[in-house]
There are 2 protein chains.
Amino acid sequence: MPTQEPSAPPRKRADARRNEQALLEAAAAAFVEAGVDAPVRDIARRAGVGVGTIYRHFPTRADLVVAVYRHQVESCAAAGPRLLAESPSPHAALTAWIHLFVDFLVTKHGLAEALRSDDPAFASLHEWFLDRLVPVCGDLLRAARAAGEVGSDVDPQHLMFGVGNLCIGAARIGRAETLRLVDLLVAGLRVGPGTPPPAPSA
Amino acid sequence: MPTQEPSAPPRKRADARRNEQALLEAAAAAFVEAGVDAPVRDIARRAGVGVGTIYRHFPTRADLVVAVYRHQVESCAAAGPRLLAESPSPHAALTAWIHLFVDFLVTKHGLAEALRSDDPAFASLHEWFLDRLVPVCGDLLRAARAAGEVGSDVDPQHLMFGVGNLCIGAARIGRAETLRLVDLLVAGLRVGPGTPPPAPSA
DNA sequence: TTGACAACCGGAACACTGTTCCGTTACGTT
DNA sequence: AACGTAACGGAACAGTGTTCCGGTTGTCAA
């Protein structure tokens, strides 16, 4: 039994697979040094291929970024339910999960910037992040609301949007200060006895 | 008595003054349409001058942006003390002032992005905003803390940094939602009976 | 093993950025 | 009116992303 579904493409040529792998490694290295905006030519040179080869394997930059960071985003998504089960409260789980997300973002130069960019080259990156992580965030948020810890009915997508934005330029003020701002945002979600209603009609 | 301090430059040539004015108007128009990243050639063409003329009058892009938005930032800075005097509480004044700041940012395409950018061309823009607005924000924050409304000792510079970041890409989620996120951040500052300590080593 | 063909490759070429530089223009002064 | 120079304008350069096509090579059938 073949390990591929019916009508699957007949497996790429050896050189193509080799180059794709080389490109992934070269891109990962380049991203660490120069951020996700590393020049195409640099990545091609590192991988020992021509620029055309990059565009054939990864039509947009987002495709390349997605391929490089796929595993890490998946593990972040998987951490959501686990944290919800292990944490003392849903809000604690939400906070911990968001810390995970922040840690991921701030260690990837330029990723947060790319995420909020409206550059069409990053559209699919944006979409992928949202598809993968927003539901997880939504679950955590819903649980926290059900537990009465969160009053505001903020859209999980907007919350993640805000957290992502706060991570932009984290290098300037430092990781700790960035986390502090994010904590402020998440703290703002909490329903407190004295919390003023920020909702339009409460 | 001349209306200029001693050793002042002997007043520029007429064509130079004319071109500078034309450039300011052209840049303002271009910024509205294409954001603060509008191509240099576009601005030059609108003003009917060569690109060299832009660089002579405004060595960096930040200089041009500062010149275009100077009045609006000044009026925002001036609003701080006024709001503090007129508002029912310091925290209300802080909230209102931040709304003013947000309104200014979200109506200028790309300004928030430029503000957080580490592009050296925008370094002086960043510095100018900070010099002009952070002290105002600091006064509001201090007053709110003195009134016992704010517990956290967040650096005003970091708060403005965060608010600015939240305004990035505001067009995507809309002005109202952006304001909501900002309100969440400011609400997180409030000291509430049930507020969890956001201490670093928590 | 050999040959043919499609998949694949590489990089030149293009379009578009910002930035610099210097020959030319024209303003203000004498 | 003549002159010195501040100011001008745009060609030229350097660095992006993106496309395209002639040459190469892996793969499979004969």
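The values are calculated or read from the model by the stated rules, or taken from the named source; none is laboratory data. As the structure is a prediction and not an experimental result, all values here were calculated from the model. Using ideal geometry, Cβ is built from the backbone for each residue, glycine included, and neighbour counts are taken over all protein chains shown. SASA here: full protein model, heavy atoms, side chains in, ligands and nucleic acids out. Shrake-Rupley method; radii C 1.70, N 1.55, O 1.52, S 1.80 Å.
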Return a yes/no flag: does the stretch B:65-73 have any residue that is assigned by TED's automatic domain parsing to the domain that holds B:ASP139, under 30 Å from B:ALA147 (Cβ atoms) and either more than 13 Å from DNA strand C (Cβ to nearest atom) or modelled with pLDDT of 95 or more (or both).
yes
When the residues of the stretch B:37-72 are filtered to those that are away from DNA strand D (no atom under 14 Å from the Cβ) and β-branched (Val, Ile, Thr), which remaining residue is farthest from the other protein chains (Cβ to nearest Cβ)?
B:VAL68
What single numbered condition from (1) touching a strand residue (DSSP E or B) at 6+ places or on another chain (Cβ under 7 Å); (2) surrounded by fewer than 16 Cβ atoms within 10 Å (Cβ to Cβ) fails to hold for A:HIS91?
(2)
With the condition kept exactly as written, say whether any residue in the stretch A:131-148 is under 26 Å from B:ALA187 (Cα atoms), at pLDDT 95 or above, charged (D, E, K, R) and in contact with a helix residue (DSSP H, G or I) (Cβ under 7 Å, 6 or more places away or on another chain).
yes
Every pair of residues 6+ apart whose Cβ atoms lie under 9 Å, when the first sits in the stretch B:116-134 and is away from chain A (no Cβ under 13 Å) and closer than 20 Å to B:LEU166 by Cβ while the second is assigned to a helix (DSSP H, G or I) and within 13 Å of DNA strand C (Cβ to nearest atom):
B:LEU125/B:ARG61; B:LEU125/B:ALA62; B:LEU125/B:ASP63; B:LEU125/B:VAL65; B:LEU125/B:ALA114
Residue within the stretch B:73-84 that is in a helix (DSSP H, G or I), among the hydroxyl-bearing types (Ser, Thr, Tyr) and within 19 Å of B:PHE161 (Cα to Cα) present
no
Checking A:ALA34 against (1) near DNA strand D (Cβ under 9 Å from one of its atoms); (2) under 30 Å from A:PRO135 (Cβ atoms); (3) within 14 Å of chain B (Cβ to nearest Cβ), the condition it does not meet:
(2)
If a residue must be buried (at least 19 other Cβ atoms within 10 Å of the Cβ) and in a helix (DSSP H, G or I), how many such residues does the stretch A:29-52 contain?
5
A:ALA77 passes all but one of (1) away from DNA strand C (no atom under 15 Å from the Cβ); (2) open to solvent by 40 Å² or more (accessible area, probe 1.4 Å); (3) at pLDDT 95 or above; which number fails?
(2)
Go through the stretch B:161-184 residue by residue and tally those that are open to solvent by 20 Å² or more (accessible area, probe 1.4 Å) and touching a Phe, Trp or Tyr at 6+ places or on another chain (Cβ under 8 Å).
2
Can you work out which of the residues in the stretch B:137-158 that are within 11 Å of chain A (Cβ to nearest Cβ) and without any contact (Cβ under 8 Å) to a residue 24 or more places away in the chain is surrounded by the most Cβ atoms within 10 Å (Cβ to Cβ)?
B:HIS158
So, restricting to helices (runs of 4 or more DSSP H) that lie completely within the stretch B:88-202, which ones have at least 1 residues that are farther than 30 Å from B:ALA34 by Cβ?
B:90-106, B:123-146, B:156-166, B:175-187
